[in-house]
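Colleague: I have a structure I would like to understand better, so I am pasting it below and will then ask my questions one at a time.
Computed from the coordinates by the stated procedures, all read-outs in this text should not be read as laboratory data. For clarity, every value in this text was computed on a predicted model and none was experimentally measured. Backbone-built Cβ (ideal geometry, glycine too); neighbour counts: all protein chains shown.
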Amino acid sequence: MNSGVAHRLSISLAMLALMSEFLLGGNVLEALGIPYVEENGPLIAKLSPATYLAAGAMSVRIVGRGTPSLLLWRLICQHQFLACYLAAILFCILYAACLTGAGGLVTLVETFLPAGMIGIALCNASSTEAARLSHMLRSLFLLNATFGLVEVATGAHVVPFFGMNSEHPADYRPIALYDHPLTGAAATMMGLLLCPDRLQAPWWRRIYQVWMFAALLAFGGRVAALATILGAVWLYTWPLIRKATSAQLAALHVVGSFVALLMGATFLAAIVYGGMAERLSEHFYWDPSAQSRIGQFHLLALLSTDQIIFGCPRQELIALVEPLRLGYGVDVIENFWLLMFATLGTLCFPVFVLGLFALLKWLWTRADHEGRIMVISFILVTSTSNSLGRKSTLLVMLVGSVLARLHAAKHDIYCPSAQMSIAPVAVCS
């Protein structure tokens, strides 16, 4: 295959995979008659179409441009941290298949493996391709936010909901295209940080930010909302700090920042007291949900010695949650670190942690200023929920969003890595 054709095909498949992650979520697949969420069913139905597309994109990237072994070796040399991540996840998949069963296996394949495959496919994207990716992701984030706001206004889900929270209609929350409100909140947070760059019209940037932030409050994620606010404060104060240290700070900058802060506080108060973020305002402080996130750590005392060392199969883990439900009000394990430790055990969990931090390191070295804030916010938000302990699209979205941010970095005068290229520098031949 011609190298140019292979490159374009790999990028196209990766973008199609990211689009599928948004548009073909678990509820959509269940509505189409595919048993994606159900406990039983064929393994082929347990993986989303996006996973197959990501595998295709990576395969074309490796085998479509010359000698596969040589290209694979160059990719490993150029992206050591990404290669370390993929090797760690593949080891965990093999371990889960041999010892802990299909429950942990499907989660690893569906949640973590596609992120590495998408990274391989997009690692050599040009600035123009990164710009297209940024526009596509921003449109999809905006579409999901719009669905969330429509669900708040109408009190009905746009897509039929097949999740556990359907049993509690009194605690209605929007989910939009995802399978859980916290997933929607985390995705909207990333969408806010993937804001249109400074070359676009300021009025469009403000409309995008206001619309996305309203959706973030509607989804009700406390940590996501707090991380977004802190990230926004840092992004808007960092340029002022740089101007102040270089004696370029003018009175207009201070007045403009004060007016923006006043308008933002007024807008936030209007949303909260207007009922748009009713659940968030009611549960913002310490509540039973927060208390259960502490009680879930009592799971460690319930594990046997063998389970601590080798990991716990899914059915045994579900049985262990029952005493926690009665004693501490824990419905599910809301911490993916704890869940992965219980699933993989002491033998394999360090490999998983090493691989995940290798991916975060790879993203960090390639991210601009806002992309790094996105990485930090992502790990904080997902560490307070089970967003990565089950089949989820968030890690794939993070990889796509950070790589898409590199286009905006080229036009961002405040970005320390503004001259960064998305193409890697070869370190071995």
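Colleague: What does the charge count around Met190 come to, taking other residues whose C-beta lies under 15 Å from its C-beta (Lys +1, Arg +1, Asp -1, Glu -1)?
Modeller: Combined, the nearby Lys, Arg, Asp and Glu give 0.
Colleague: Here is a follow-up. Can you work out the Karplus-derived ³J(HN,Hα) for every residue in region 78-86? Use 6.51 cos²θ - 1.76 cosθ + 1.60 with θ = phi - 60°, whole Hz, and x for glycine or proline.
Modeller: 6, 9, 4, 5, 5, 5, 4, 4, 5
Colleague: If Lys and Arg each add +1 and Asp and Glu each add -1, what is the summed charge of the other residues whose beta carbon sits under 14 Å from the beta carbon of Leu230?
Modeller: Here the charged neighbours net out to +1.
Colleague: Still on this structure: With a sphere of radius 11 Å drawn around the Cβ of Leu137, what net charge do the other residues whose Cβ falls strictly inside it have (Lys, Arg +1; Asp, Glu -1)?
Modeller: Overall, the nearby charge balance is +2.
Colleague: In whole Hz, what ³J(HN,Hα) sequence does region 121-134 give by Karplus (6.51, -1.76, 1.60; θ = phi - 60°), x for Gly and Pro?
Modeller: Whole-Hz 3J(HN,Hα) from phi for region 121-134: 5, 9, 5, 10, 5, 7, 4, 5, 5, 5, 5, 4, 4, 4.
Colleague: For region 1-130, what is the charge dipole size about the Cα centre, in debye to the nearest 20, if Lys and Arg each add +1 at the Cβ and Asp and Glu each add -1 at the Cβ?
Modeller: 560
Colleague: Once phi is turned into θ = phi - 60°, what whole-Hz ³J(HN,Hα) does the Karplus curve with 6.51, -1.76 and 1.60 give for every residue of region 391-403, x standing for Gly and Pro?
Modeller: 5, 8, 9, 5, 5, 5, 4, 4, 4, x, 5, 5, 5
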